[in-house]
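Colleague: Provided herewith is a single structure, encoded as structure tokens, for subsequent inquiry.
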Amino acid sequence: MKKVFNTDINENNINEVVELTGWVSRVRNLGGLIFIDLRDRTGIIQLVVNPESTYYDIAQNLKTEFVITVTGKVVEAYYGYPGVKGTKSYMLL
């Protein structure tokens, strides 16, 4: 596991376990999955917390500007509409 900045995450890190530290920018609970936008001095990355996670209860109580350190696996994500080329990004699970 290595400690990295948010913008250091790229296709070379897919399936790698990394540690990130930053400020909680936004928390959204979308019917079970919790999405957290984590901001550091370089940018923002999205974290995903599954209901099965041992940290799910903690994630539900996070507030904006809390400082957290997380460890997780980097996965690739695509955003866009069907038939329209989307934006490739990375998130931590």
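Quick grid of which residues meet (1) open to solvent by less than 60 Å² (accessible area, probe 1.4 Å); (2) of a type in the set (D, E, K, R):
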residue: Asn13; (1), (2): yes, no
residue: Phe35; (1), (2): yes, no
residue: Arg41; (1), (2): no, yes
residue: Glu52; (1), (2): no, yes
residue: Thr71; (1), (2): no, no
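Colleague: Determine whether Phe35 is in contact (Cβ under 8 Å) with a residue 40 or more places away in the chain and of a type in the set (Phe, Trp, Tyr). Walk me through how you get there before you give the answer.
Modeller: Numbers: in contact (Cβ under 8 Å) with a residue 40 or more places away in the chain: no; of a type in the set (Phe, Trp, Tyr): yes.
No: the conditions fail for Phe35.
Colleague: List the strands (runs of 3 or more DSSP E) inside segment 21-79, counting only whole elements, that have at least 2 residues being closer than 19 Å to Val4 by Cα and charged (D, E, K, R).
Modeller: The qualifying strands (runs of 3 or more DSSP E) are 33-40, 67-79.
Colleague: If you go through segment 53-93 one residue at a time, how many are among the acidic types (Asp, Glu) and at pLDDT below 90?
Modeller: 1
Colleague: Kindly provide the set of residues from segment 14-36 that are modelled with pLDDT under 90 and either at positive phi or among the aromatic types (Phe, Trp, Tyr) (or both), ordered by number.
Modeller: Result: Asn15, Gly31, Gly32, Phe35.
The values are calculated or read from the model by the stated rules, or taken from the named source; none is laboratory data. Small disclaimer: the values here were computed from a predicted structure and weren't measured. Because the Cβ atoms are built from the backbone with ideal geometry, glycine has one as well, and the counts that use them run over all protein chains shown. Note: areas computed on protein heavy atoms with side chains; ligands, DNA, RNA excluded. Shrake-Rupley method; radii C 1.70, N 1.55, O 1.52, S 1.80 Å.
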